[in-house]
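Engineer: Just passing along the structure, written as structure tokens.
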Amino acid sequence: MTLETQPVVINFGPQHPSTHGVFRLVLTVDGEVVIDAKMVLGYLHRGVEKLAEEKTYVQNITFTDRLDYLSAMSNNFAYVQAVEKLAGIAVPERAEYIRVIMAELQRIASHLMAMGTFFQDAGGWGGPLMYMFRDREKVLDLFEMACGQRLTCNYMRPGGVSMDLPPEFIPELKKFIPAMRAYLDEYEELIAENEIFKIRTRGVGILPKELAIDAGASGPVLRASGVRWDLRKDDTYSIYDRFDFDIPTGTVGDCYDRFMVRLQECRQSLRIIEQAVRDIPGGPWVNPGVRGNVWAPPGEAYAHVEGPKGELGFYLVSDGGVGPYRFKIRSPSYINLTALKEMTVGYKVADAIVILGSIDIVMGEVDR
Amino acid sequence: MTRIVPLDTQTVADRLEGALPGSVEARTPNDIRVKLDRLVEVARFLKTTPGLDFDYLVSVTAVDYYPHFFELVYHLVSMQHHHSLVLKTRTPDRERVVVPSLVGVWRSAELQELEIYDLMGLVFAGHPELRRIFLWDEFRGHPLRKDYVEEIIPLPLPTEPAEPLG
């Protein structure tokens, strides 16, 4: 007599520590091997795009903080650029430098969380995540110093930033750079050289280059698959053309590559910050012509930045009113999930969690 | 300093007219609008023609121009040539909302079309699995439409006072 086997459906999430929020994945497994994966979203849907149509351009900055709540500064940056493009607002030099410093600090903070929780998903419980929390804290302290907020910063404004850097900010930042460099070396030794970690992540969740491009992947997910595409270099916005930095890429497109790309990117961000701190000029931090709300003529604008998760874009349509007629978010976390099924099918259930962790999603941005 | 250069829409419109006559509906310096029923052919042409090679679909958006029509906006980028194009198409009115799906051309459209179906109520013909992605299946209406009125569902009130605890 032969035993009959049949596929089993496993519900993963929505309330589960490895789902990075409220993400639900319905896995069909044959033994331990995943044969189908279907995601169920919407548990954190707040209707931000609808709400934003009722608010003014400046009020909407607050909403952008709450999309990807681990990288509020980058979200602000993308949104204010879209408004500036729509309304034709110039940005003073000093404000551009402040924005770049903040965006790169935010990238480090976001990648730290991504790497820490990813290591946790791979089974390294506790320690490394707490180290990363400790280091992210230093970035958050700097944010607090600059704008009074730690996570939902609401710092940037069309035409600049809401307030100038306090005098003690730059000295603190100068102390932070070498300290962070040392920590990154430590992490590389601690995690990237860890044999168990390598076994869990190498050759797992491979995303081929062609599929990555076709499925619209962006950010570290795309670059780990070997595509050298970074908007800071490929569609230079703000003042990124003034800085010297490299774009790390992977070769295989597995979970390990995605992790390593993030780790290397933190080093590159430190390089950018170092140069920005050296060159930052004095002067106004906001366009003096912009006071309170802005007004935009009828039209449309799309602006994007290379956020920590990938290409974050805002598409705004104006009908000439005080707020957007249409407020569309091109959210990298959401679009990076497109190829999740291809990435998970054929691997073990335990790998599915590692693969999801390696994409680095934030549900606030997926569900909006 | 590298930038993604927006392609001259006149040149692209001419090429489209040459290969697919009658597909272009209108053109501005920023975007090209094509006929709704020719959208898939146009998309395939833009993706596969050497020199255009739009391999990366960045974003899909639907805009409700109440009370006239819905407009779909596609932001395309060619990673190879560093150029971009904004492709648009319109539904005939706000009643006929079946539009062709582009999942067969760019996979990246898959989740974005689901989002538009859910929130804007455009039906993508040819989408592999059209379902509500954010809202629950019983939800009525499509919130991003300009004429959407929020349905207030009264909470069931307790008919009897609750038993005191303990």
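Bear in mind that the values in this text are calculations on the coordinates, not laboratory data. Please read all numbers here as calculations on a predicted model, not as lab measurements. Cβ coordinates were reconstructed from backbone atoms using ideal geometry, including for glycine residues, and neighbour counts include every protein chain displayed.
Engineer: Roughly how crowded by other chains is peptide A:40-46, in terms of the mean Cβ count from those chains within 10 Å of each of its Cβ atoms?
Structural biologist: What the average comes to for A:40-46 is 4.
Engineer: Also: Give the cross-link partners of B:Lys47 among the lysines, using a straight C-alpha distance below 30 Å as the criterion and excluding same-chain residues fewer than 8 apart.
Structural biologist: Leaving aside lysines fewer than 8 places away in the same chain, those within reach of B:Lys47 are A:Lys38, A:Lys85, A:Lys209, A:Lys233, A:Lys309, A:Lys328, A:Lys341, B:Lys35, B:Lys88.
Engineer: Next up: To check my understanding: the extent here is largest minus smallest coordinate of the Cα atoms along each principal axis. What are those three numbers for chain B, in Å, largest first?
Structural biologist: Principal extents (largest minus smallest coordinate, Cα): 78, 36, 31 Å.
Engineer: Next up: Find the eigenvalues of the gyration tensor of the Cα atoms of segment B:5-94, then list the square roots of 5 times those eigenvalues as equivalent ellipsoid semi-axes, largest first, in whole angstrom.
Structural biologist: Equivalent-ellipsoid dimensions as semi-axes: 21, 15, 11 Å.
Engineer: Around A:Arg94, what is the net charge, scoring Lys/Arg as +1 and Asp/Glu as -1 over all other residues with Cβ under 11 Å from its Cβ? Don't jump to the answer; show the numbers that get you there.
Structural biologist: On the way: positive: A:Arg99; negative: A:Glu93, A:Glu96, A:Asp164, A:Asp279.
Result for the neighbourhood of A:Arg94: -3.
Engineer: Can you find, among A:Gly219, A:Ser74, A:Asn293, the residue sitting farthest towards the positive end of the charge dipole of the protein assembly as shown, where Lys and Arg contribute +1 and Asp and Glu -1 at Cβ?
Structural biologist: Checked the options; the winner is A:Asn293.
Engineer: Counting only helical runs of four or more DSSP H residues, what would the 222 nm mean residue ellipticity of chain B come to if each run contributes -39,500 (n - 2.57) and the total is spread over all its residues?
Structural biologist: When only DSSP H runs of four or more count, the value is -6000 deg cm²/dmol.
Engineer: What dipole magnitude, in Debye to the nearest 20, does the protein assembly as shown give about its Cα centre under +1 on Lys/Arg Cβ and -1 on Asp/Glu Cβ?
Structural biologist: In total the dipole reaches around 760 debye.
Engineer: In addition: How tilted is helix A:255-279 with respect to the longest principal axis of chain A? Cα atoms for both, answer in degrees (0 to 90, nearest 10).
Structural biologist: 20 degrees
Engineer: Based on alpha-carbon positions alone, could you give the equivalent ellipsoid semi-axes of segment A:173-249 from the gyration tensor, as √(5λ), descending, whole Å?
Structural biologist: Taking √(5λ) for each Cα gyration eigenvalue gives 25, 25, 7 Å.
Engineer: Within chain B, what's the longest run with no GluC sites (Glu not before Pro) in a DSSP loop and at most 11 other beta-carbon atoms within 10 Å? Give the range, please.
Structural biologist: Maximal segment without exposed cleavage sites: B:1-94.
Engineer: Binning at 20 angstrom from zero up to the longest distance, how are the C-alpha pair distances of the protein assembly as shown distributed in percent?
Structural biologist: 21, 55, 22, 2, 0
Engineer: Which trypsin sites (Lys or Arg not before Pro) from segment A:29-121 combine a DSSP loop assignment with at most 15 other Cβ atoms within 10 Å?
Structural biologist: Passing sites in segment A:29-121 are A:Arg46.
Engineer: So what's the back-of-envelope 222 nm ellipticity for chain A, counting only DSSP H runs of four-plus at -39500 (n - 2.57) apiece and dividing by all residues, rounded to 500?
Structural biologist: Numbers: 15 runs with 170 residues, N = 368.
Value at 222 nm, helices only: -14000 deg cm²/dmol.
Engineer: Could you pull out every residue, at least 5 positions away or on a different chain, whose amide H is within less than 5 Å of the one on B:His127? Hs are placed 1.01 Å off N in the peptide plane, and Pro or chain starts have none.
Structural biologist: The answer is B:Ser101.
Engineer: Right, another one. With axes computed from alpha carbons, what is the tilt in degrees of helix A:349-359 against the longest principal axis of chain A, rounded to the nearest 10 within 0 to 90?
Structural biologist: It is inclined by approximately 20 degrees.
Engineer: Once you average over the residues of A:328-335, how many Cβ atoms of partner chains fall within 10 Å of each Cβ?
Structural biologist: 5
Engineer: So for the pair A:Leu190, A:Glu93, with labels modelled 7 Å out along Cα→Cβ, what separation do we get in nm?
Structural biologist: Using points 7 Å along Cα→Cβ, the separation is 4.1 nm.
Engineer: Going by Cα centres, segment B:125-166 and segment A:162-225 are how many Å apart?
Structural biologist: 40 Å
Engineer: Continuing with this model, one more query. Give me the angle, in degrees from 0 to 90, between the Cα long axis of helix A:93-121 and the longest principal axis of the Cα atoms of chain A, rounded to the nearest 10.
Structural biologist: Here the helix axis deviates by roughly 20 degrees.
Engineer: Can you list the chymotrypsin sites (Phe, Trp or Tyr not before Pro) in segment B:119-166 that are in a DSSP coil and have 11 or fewer other beta carbons within 10 angstrom?
Structural biologist: B:Trp136
Engineer: Give a quick list of chymotrypsin sites (Phe, Trp or Tyr not before Pro) in segment A:281-368 that DSSP marks as loop, anything other than H, G, I, E or B, with at most 16 other Cβ atoms within 10 Å. List each step's numbers first, then the result.
Structural biologist: Details: sites: A:Trp285, A:Trp295, A:Tyr302, A:Phe314, A:Tyr315, A:Tyr325, A:Phe327, A:Tyr334, A:Tyr347; in loops: A:Trp285, A:Trp295, A:Tyr325, A:Tyr347.
Of the chymotrypsin sites (Phe, Trp or Tyr not before Pro), the ones in loops of segment A:281-368 whose Cβ has at most 16 other Cβ atoms within 10 Å are A:Trp295.
Engineer: Reported to two decimal places, what Rg/Rh ratio describes segment A:47-338 when computed on Cα atoms with Rh from the Kirkwood expression? Walk me through the intermediate numbers first.
Structural biologist: On the way: Rg = 18.9 Å, Rh = 19.5 Å.
Reported Rg/Rh, Kirkwood definition of Rh: 0.97.
Engineer: Continuing with this model, one more query. If Lys and Arg each add +1 and Asp and Glu each add -1, what is the summed charge of the other residues whose beta carbon sits under 12 Å from the beta carbon of B:Ala19?
Structural biologist: With Lys, Arg at +1 and Asp, Glu at -1, the neighbours total 0.
Engineer: OK, next. Explain nothing, just the number: relative contact order of chain A, from Cα pairs under 8 Å at least 6 residues apart, as a whole percent.
Structural biologist: Answer for chain A is 27 percent.
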